[in-house]
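What follows is one structure encoded as structure tokens, with my remarks underneath.
What follows is calculated from the coordinates using simple rules that are stated; it is not laboratory data. Just so it is clear, the structure is predicted and the values come from calculations on it, not from any experiment. FYI the Cβ positions are ideal-geometry reconstructions off the backbone, even for glycines, and counts take in every protein chain you see.
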């Protein structure tokens, strides 16, 4: 694993959250859809997910950039983690998944094609 490349915040009101984070970061979103808003600051991405609470997110979720998402999931499960969300393609071949650590914290993984 390398570095955290994305932090996703669950939000209840996407428009209000978009306004808040746009003001905070001083930039406009690069992605602006009803299901996700993304803002980039350097190599860091901030995501706003209006369905995050429905997926069990209780706060921001960090996503580590990985080269082999299936292998990393296997390693984390062997270390006592639990799969929270199975691997899925979120577009353009980008794969994401989440795993809960031993304390129930949600850890995100992201793999680019």
Mind jotting down the three principal axis lengths of segment 4-111 based on Cα atoms? Whole angstrom, largest first.
41, 25, 20
How far is helix 14-25 tilted off the main Cα axis of the chain, in degrees rounded to 10, range 0 to 90?
90
Once both label points are put 7 Å beyond Cα along the C-beta direction, the residue 20-residue 32 separation in nm becomes 1.9
